[in-house]
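Values quoted throughout were computed directly from the atomic coordinates according to the rules given, and no laboratory measurement underlies them. Fair warning: this is a prediction, and the values are worked out from it, not measured in the lab. All Cβ positions, even for glycine, are placed from backbone atoms using ideal geometry, and neighbour counts span all protein chains on display.
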Amino acid sequence: MNRTLFWTTFATVFLAEVGDKTQLAAMTATVRSGALWTVFLAASAALICATALGVALGGVLFRVIPAVAIRWVAGLAFIGVGLWVLLKR
């Protein structure tokens, strides 16, 4: 296993997830239900499934589409979402 890749990926995903709406949803579910372990396990399973989907899709896309094209599309999508959030009334 590539340790550098592991820790870089861990740090990137961790920082991207901290404070996002997924974490807020998990906190809300915990407060409403009081079922800490149930919410933790359900949220963890959901994140694992979402990550597995992303890894699988990424593996297929990178075989078919050049990496530079994927970077451009991803970058433009982030800019588009940012503009949408800023300009939304």
Open item on the list: So if each residue of separation counts as 0.36 nm, and I subtract the Cα-Cα distance between Ala56 and Arg3, what length gain in nm does that give?
Closed with: 17.0 nm
Task: Estimated dipole of the chain in Debye, rounded to 20 [Cβ of Lys and Arg +1, of Asp and Glu -1, Cα centre] - done: 180
- [ ] Work out which helices of the chain, taken as complete DSSP H runs, extend at least 27 Å along their axis over the Cα atoms and score a mean Kyte-Doolittle of 0.0 or more, then list them.
- [x] 36-64, 67-87
- [ ] Once you have the Cα-Cα distance between Trp72 and Leu24, take 0.36 nm times their residue separation minus that, and quote the gain in nm to one decimal.
- [x] 14.3 nm
Task: Structure-based [θ]222 nm, the chain - -39500 (n - 2.57) summed over DSSP H runs of at least 4, per residue, nearest 500 - done: -30000 deg cm²/dmol
